[in-house]
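Data first, discussion second: the structure below is written as structure tokens.
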Amino acid sequence: MKKVIATLIAGLFATAAFAQTPAAPAASVPAKAEAAHTKAVAKAEAKETKAVVKADAKEAAVAADAKADVASAKADAKVTKAKAHHKAKKAKLAADEAKAAEAIPATPAK
């Protein structure tokens with residue numbers, strides 16, 4: 001009986017020792033791999049966010065330049081219109097003066 005009890009106790013110790021040994025190292029390896037993976041993912045997301053912000057800033061600068069170009073073009077168009085109106089007024093006055101000059105000599109002198 002003593003031999004049977006000793007064998008059972010030895011079996012329990014042996015089973016407990018072998019069951020726990022592989023579990024501890026196996027758990028730490030995936031944890032390290034997961035930590036590295038999480039770090040890589042965070043770094044990639046930060047890089048992507050930085051690229052998106054940079055692209056948005058570039059787009060805003062282009063839009064601002066486009067707005068400035070449009071405003072400049074509008075101002076140029078206003079000036080051109082004003083010049084055209086001024087020239088047209090001058091031409092009309094010159095035409096009116098020419099017409100008046102033609103009308104005056106056409107009348108008979110008494």
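Just so it is clear, none of the values below were taken in a lab; they were calculated from the coordinates. What you see is a predicted model, and the numbers here were worked out from it, not measured in a lab. When we count neighbours, we look across all protein chains shown, and the Cβ atoms used for this are built from the backbone with ideal geometry, even at glycine.
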| remark: Listed by chain and number, the lysines with an alpha carbon less than 27 angstrom from that of Lys67, same-chain partners under 8 positions apart left out, are Lys50, Lys54, Lys58, Lys78, Lys81, Lys83
| field | Estimated inter-spin distance, Lys90 and Ala68, nm [label 7 Å along Cα→Cβ] | value | 3.3
| Modelled label-to-label distance, Leu12 and Ala57, 7 Å Cα→beta-carbon offset: nm? | 6.9
| task | Return the whole-Å distance between the Cα centroid of region 34-48 and the Cα centroid of region 64-100. | result | 61
